[in-house]
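> Structure incoming, see below.
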Amino acid sequence: QGRFHIVEGLLKALTELDTTIDILRSAPDGSSAKVSFQESLGLSENQADAILAMPMRRLTGLERQKLEEEYQELTAKIQELQNLLSDRRQLLKALKKELRTLKRKYGDPRRTRIISQAESNASVSQQKSNVEIGNQETNKEAKGRGRKSKSTTVESQFLTLEAAPPPTEKVVIEFTHRGYVRRLVAKEFEKHQIDKKSNIIIENSDDFTINIIEATTDQTLVVLTRTGKAYPLKVNDIPSGSNRSTTRHEYKGVPLVTLLSPSATKEMTDARQEFIIAQFVLQEAEENKYLIMLTQNGKIKRLSLSDLSDITNRGITVIKLKEDDELRYANLARVGEQVVLATSGGRLLRLEIDEEQLPLMGRTAQGSQATRLRKQEELVGCVTLDGESNLFLVSEQGYGKRIAIGSLRVANRGGIGQNAFQFTRQTDVLAGIVVGGSGVVAQMLTTDGKVCVE
C-alpha cells in the first residue's frame, strides 16, 4: 500500500504535468515546491517528496506506461490480499498451496539417521569386532607373503573408536607475587612441597608464592580485577608446571593476565601483578557462599556467587565503581562469619556478615560505606574469618603484632573502628593484616628485595 500510494501520486503529477512544471519553475526552493504540490494537487507529504526526487526520464511516454502498469498490478495485488484476509477459507487454501509447492521443491529424503543409545552401542561393538577380524586377516596375509603387516591403518581406526575425553584430575594452582600462575598435579605438589614452618630469609628473591588453590581440571577459575570486573579461566587452560623444572620460565609459570580474554587486557593500565586483586575457583553448589568486596574509597559489598553462573569470556561487572575508585580486596565468606578492615592509621573495624551490616546486593550496585577514612589515611587490608581466629598486623617499618579477634569489639557499618596498633615512630603506618594461627606462614617483601617468612 505504501508503494501504491507513491505511484498514485506520481501518476497524478504526470497527468497535471503543466501544473507540476509551473510549480517547480516558480518555487524558490524544494521546501516551497513541496508545500505547493500538497496544496495545488492535493498530495500527501510522501507523494510530494517522491515527485521532487523523480528523475526527468519519468516524463517520457514509456516511463509513464510502466507506472500505469505497476499501478494496475499493485491494485490487483492489494485486492487479492484483502480478499484473503477477509475470507479465512481462501487464506488456508492459499497457504496449503504454497506449502505444497515448497514440499515439492525442497522435500528430499532425510540424509541423517536418528538412532537410540542402545543401537549406537551395538553399532560401535560391531565395528570393533569387524576391525579385529580385519587385523587378523591382514596379519595372516602379511606373514604368507613375507611382507610387513598393513594393519596400522585399521588399528588407528580402532583406536579412534576408543577415544575418550581426558579424565578429570586433582591439581594445585600456585599464584606468585609478580602475577605468575602454574598448575601442578596434586600428588606431585605434595611430594615436592617444601617445609615452610621454620623461619628463613631468602636473599635477592624476586618472586614467591602468595596463594595456593586446590581444584580439578574441569572447574573454572574466576579472576577479579581492579576495574570491578570478573573474568573466567578454565583450570585445564592453565599451563602445567613442575617443581623439578630446570628452566626459569617453567618453574615460574606464565603471567596470569596473559591467559585472560583480550577484553581484560585492554583495561589494564598498571603493572600486571597489581591489576589482578583476587582469584578463586567457582564451585557448582555454593548458594550459601558470598563474595565480600572492598574498594579504595571504603565501599563494601556482599554479592552472591550464584550471580557469577553466567560469566563469559568478555567478563561481567561485580561492583559499580566511580571514576576515582577501584576494587582493592575480595574475599569469600559465609553468613555468620566476620570481616575485619584495616586502615594505615592502625584502626581495625570488625563487622558481622549478615543482612543488617552487609545486605545482599546485585552486580551493578556500588556498595555501602564501610568506614570513614581520615586525612592521608587509606585501607590496607580486608580479611574474613570466624570468631576464634587471630590477626597478624605488620607496619611499614617492620613491627609486628598478633591479636585475638575476640579483643576487637563488633562495630556497625560506617563506624571508625578501634585503634589496635601503637606505632613507635610517628612516620610509621600499618602495612597490612593477615589471618594468623598455628601453622600459618606470613611472607613479607622488603624494599631491598628480601622475603621474610614468619
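The values are calculated or read from the model by the stated rules, or taken from the named source; none is laboratory data. This one's a predicted model, so the numbers in the text were calculated from it and none came from an experiment. Here the Cβ is made from the backbone with ideal geometry for all residues, glycine too, and neighbour counts use every protein chain on show.
> Quick one: in region 19-34, of everything that is assigned to a helix (DSSP H, G or I) and not polar (S, T, N, Q), which residue is nearest to L59 (Cα to Cα)? Working first, answer last.
Quick first cut of region 19-34, residues assigned to a helix (DSSP H, G or I) only: 19-26, 30-34.
Filter again for not polar (S, T, N, Q), leaving 21-25, 30, 33-34.
Numbers: I21: 11, D22: 15, I23: 15, L24: 14, R25: 16, G30: 19, A33: 18, K34: 18 Å.
Among them, the one singled out is I21.
> If you check Q72, Q38, Q47, which single one turns out to be touching a Gly at 6+ places or on another chain (Cβ under 7 Å) and part of a helix (DSSP H, G or I)?
Numbers: Q72 fails: touching a Gly at 6+ places or on another chain (Cβ under 7 Å); Q38 fails: touching a Gly at 6+ places or on another chain (Cβ under 7 Å).
Result: Q47 is the single residue among Q72, Q38, Q47 that is touching a Gly at 6+ places or on another chain (Cβ under 7 Å) and part of a helix (DSSP H, G or I).
> Which is among the acidic types (D, E) and either farther than 30 Å from N288 by Cβ or in contact with a Cys (Cβ under 7 Å, 6 or more places away or on another chain) (or both), of D386, D448?
D448
> Of all residues in region 363-373, which are surrounded by 12 or more Cβ atoms within 10 Å (Cβ to Cβ) and either part of a loop (DSSP other than H, G, I, E, B) or hydroxyl-bearing (S, T, Y) (or both)?
Answer for region 363-373, where residues must be surrounded by 12 or more Cβ atoms within 10 Å (Cβ to Cβ) and either part of a loop (DSSP other than H, G, I, E, B) or hydroxyl-bearing (S, T, Y) (or both): R363, A365, Q366, G367, S368, A370, T371, R372, L373.
> Take L341 and decide whether it is assigned to a strand (DSSP E or B) and closer than 27 Å to G406 by Cβ.
On the way: assigned to a strand (DSSP E or B): yes; closer than 27 Å to G406 by Cβ: yes.
It is true that L341 is assigned to a strand (DSSP E or B) and closer than 27 Å to G406 by Cβ.
To keep it simple, each residue is scored yes or no on (1) under 21 Å from G436 (Cβ atoms); (2) part of a loop (DSSP other than H, G, I, E, B).
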site	(1), (2)
T312	no, yes
A330	yes, no
L351	yes, no
D354	no, yes
G398	yes, yes
R402	yes, no
G406	yes, no
N412	no, yes
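> List the pairs whose first member sits in region 376-389 and is touching a residue at least 24 places away in the same chain (Cβ under 8 Å), whose second member is aromatic (F, W, Y) and in a strand (DSSP E or B), and whose Cβ atoms are under 7 Å apart, counting only residues at least 6 apart or on separate chains?
Taking only residues 6 or more apart or on different chains, the pairs are C382/Y329.
> Which of the following residues is modelled with pLDDT of 85 or more, closer than 30 Å to G2 by Cβ, in a helix (DSSP H, G or I) and of a type in the set (K, R): K97, K66? Please lay out each step first, then the result.
On the way: K66 fails: modelled with pLDDT of 85 or more.
Result of the check over K97, K66: K97.
Residues checked against (1) in a helix (DSSP H, G or I); (2) modelled with pLDDT of 90 or more:
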site: T168; (1), (2): no, no
site: I173; (1), (2): no, yes
site: E188; (1), (2): yes, no
site: S198; (1), (2): no, no
site: S205; (1), (2): no, no
site: V222; (1), (2): no, yes
site: A230; (1), (2): no, yes
site: L233; (1), (2): no, yes
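> Somewhere in region 15-36, is a residue of a type in the set (K, R) and under 30 Å from L91 (Cβ atoms)?
Initially, region 15-36 is screened for residues of a type in the set (K, R), giving 25, 34.
Within this subset, residues satisfying the condition of being under 30 Å from L91 (Cβ atoms) are none.
No, every residue in region 15-36 fails to be of a type in the set (K, R) and under 30 Å from L91 (Cβ atoms).
> A follow-up question, please. Could you list all residues from region 1-53 that are charged (D, E, K, R) and closer than 29 Å to E73 by Cβ?
So in region 1-53, the residues charged (D, E, K, R) come out as 3, 8, 12, 16, 18, 22, 25, 29, 34, 39, 45, 49.
Those that are charged (D, E, K, R) and closer than 29 Å to E73 by Cβ: R3, E8, K12, E16, D18, K34, E45, D49.
> Of everything in region 300-326 that's among the acidic types (D, E) and within 14 Å of the chain's Cα centre (by Cα), which residue is modelled with the lowest pLDDT? Reasoning before the result, please.
Applying the first criterion (among the acidic types (D, E)) to region 300-326 yields 307, 310, 323-326.
Checking the rest, the ones that are also within 14 Å of the chain's Cα centre (by Cα) come to 307, 310.
On the way: D307: 88, D310: 84.
The residue in question is D310.
> Then there's this: Here are V435, V429, V394, V380: which of them is out of contact with any Leu (no Cβ under 9 Å at 6 or more places or on another chain), of a type in the set (V, I, T) and surrounded by 14 or more Cβ atoms within 10 Å (Cβ to Cβ)?
Numbers: V435 fails: out of contact with any Leu (no Cβ under 9 Å at 6 or more places or on another chain); V394 fails: out of contact with any Leu (no Cβ under 9 Å at 6 or more places or on another chain); V380 fails: out of contact with any Leu (no Cβ under 9 Å at 6 or more places or on another chain).
Selected residue: V429, the only one of V435, V429, V394, V380 that is out of contact with any Leu (no Cβ under 9 Å at 6 or more places or on another chain), of a type in the set (V, I, T) and surrounded by 14 or more Cβ atoms within 10 Å (Cβ to Cβ).
> Mind listing whichever residues of region 327-358 are within 25 Å of the chain's Cα centre (by Cα) and surrounded by fewer than 17 Cβ atoms within 10 Å (Cβ to Cβ)? Walk me through it before giving the result.
If we filter region 327-358 for residues that are within 25 Å of the chain's Cα centre (by Cα), which is where we start, we get 327-334.
Within region 327-358, L332, R334 qualify.
> Next question, about the same structure. Under 7 Å between Cβ atoms, at least 6 apart or on separate chains: pull out the pairs that start in region 424-448 with a residue that is among the acidic types (D, E) and end on any residue that is part of a strand (DSSP E or B) and at pLDDT 90 or above.
The qualifying pairs are D428/S395.
> Among what's in region 239-258 and is at pLDDT 80 or above and crowded, with 18+ Cβ neighbours inside 10 Å, pick the residue that is farthest from T217 (Cα to Cα).
Going through region 239-258, the residues at pLDDT 80 or above turn out to be 239-240, 253-258.
From what's left, crowded, with 18+ Cβ neighbours inside 10 Å: 253, 256-257.
Numbers: G253: 17, L256: 17, V257: 19 Å.
Looking at the filtered set, the residue picked out is V257.
> Let me ask something else about it. Kindly indicate whether T343 is hydroxyl-bearing (S, T, Y) and within 20 Å of K301 (Cβ to Cβ). Please lay out each step first, then the result.
Details: hydroxyl-bearing (S, T, Y): yes; within 20 Å of K301 (Cβ to Cβ): yes.
Taking the combined requirement at face value, the residue satisfies it.
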